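Peer 1: Below you will find the structure I want to go over with you.
The values are calculated or read from the model by the stated rules, or taken from the named source; none is laboratory data. None of the values given here were measured: they were computed from a predicted structure. Every residue, glycine among them, receives a Cβ derived from its backbone with ideal geometry; neighbour counts consider all protein chains shown.
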Amino acid sequence: DGGITQSPKYLFRKEGQNVTLSCEQNLNHDAMYWYRQDPGQGLRLIYYSQIVNDFQKGDIAEGYSVSREKKESFPLTVTSAQKNPTAFYLCASGSGPIALTGELFFGEGSRLTVL
Amino acid sequence: AQSVTQLDSQVPVFEEAPVELRCNYSSSVSVYLFWYVQYPNQGLQLLLKYLSGSTLVKGINGFEAEFNKSQTSFHLRKPSVHISDTAEYFCAVLGRVAGGTSYGKLTFGQGTILTVHP
């Protein structure tokens, strides 16, 4: 079945460690996105990529890094510079240009807890 | 730039009652508008969207929303809710410019938790 796969679903890490969250899609979508979700704050955009080998910072990019070497993959690294990394992370993709459909397809999320 | 405000953080309602989840937006350009639903510990899925045309939009699971440009609102409604509608609902806006292109990223509201009681 077509869709977006995020892994791991749950992740525990010690403070000061970098962690990488995986996001893979087989929908043949050009655009991919990473959002962070905190209770009562909705979804905030971390990074997005409209095409392979290109990505842009979203609203809260500090302390995060991404790569887009393949169309299917858009991994997110949460670095030790991120002050408050405990959150629910959502990856999404969309067929481009987004204006034609306006719809994003989401993975099931990765819950990161920093101890 | 655009922003979205969901006026209620939590909405409790009894089964089979009607419900309205409120959403207001601000934008310096014309917009596309969306409602997404999130069930516990899952990703979001699209309920409905307004791109153009009729201001009353029907979506999945019996939900509908009305785009009101003068009020800058896009409230979500359902005439009779079920227990299975218990979830968090997000309103989102996408700015658009002349020619149909967009800024390419959705701005989400803070979310409204709908709890349906038996």
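Peer 1: Across the stretch B:60-85, what is the number of residues that are at pLDDT below 95, under 30 Å from A:S7 (Cα atoms) and either surrounded by 12 or more Cβ atoms within 10 Å (Cβ to Cβ) or touching a helix residue (DSSP H, G or I) at 6+ places or on another chain (Cβ under 7 Å) (or both)?
Peer 2: Residues meeting the conditions: 1.
Peer 1: Here are some residues: A:S93, A:S65. Which one is part of a strand (DSSP E or B) and either charged (D, E, K, R) or without any contact (Cβ under 8 Å) to a residue 24 or more places away in the chain (or both)?
Peer 2: From the options A:S93, A:S65, the qualifying one is A:S65.
Peer 1: Which is away from chain B (no Cβ under 12 Å) and at pLDDT below 95, of A:K83, A:K57?
Peer 2: Matching residue, one of A:K83, A:K57: A:K83.
Peer 1: Among what's in the stretch A:22-33 and is modelled with pLDDT under 95 and hydrophobic (A, V, I, L, M, F, W, C), pick the residue that is farthest from A:T5 (Cα to Cα).
Peer 2: Of everything passing the filter in the stretch A:22-33, A:A31 is farthest from A:T5 (Cα to Cα).
Peer 1: For the stretch B:80-99, does any single residue satisfy the condition of being basic (K, R) and more than 14 Å from every other protein chain (Cβ to nearest Cβ)?
Peer 2: no
Peer 1: Within the stretch B:1-29, how many residues are within 11 Å of chain A (Cβ to nearest Cβ) and not in a strand (DSSP E or B)?
Peer 2: Residues meeting the conditions: 2.
Peer 1: Touching a residue at least 40 places away in the same chain (Cβ under 8 Å), within 12 Å of chain A (Cβ to nearest Cβ) and polar (S, T, N, Q): which single residue out of B:Q42, B:Q38 fits that description?
Peer 2: B:Q38
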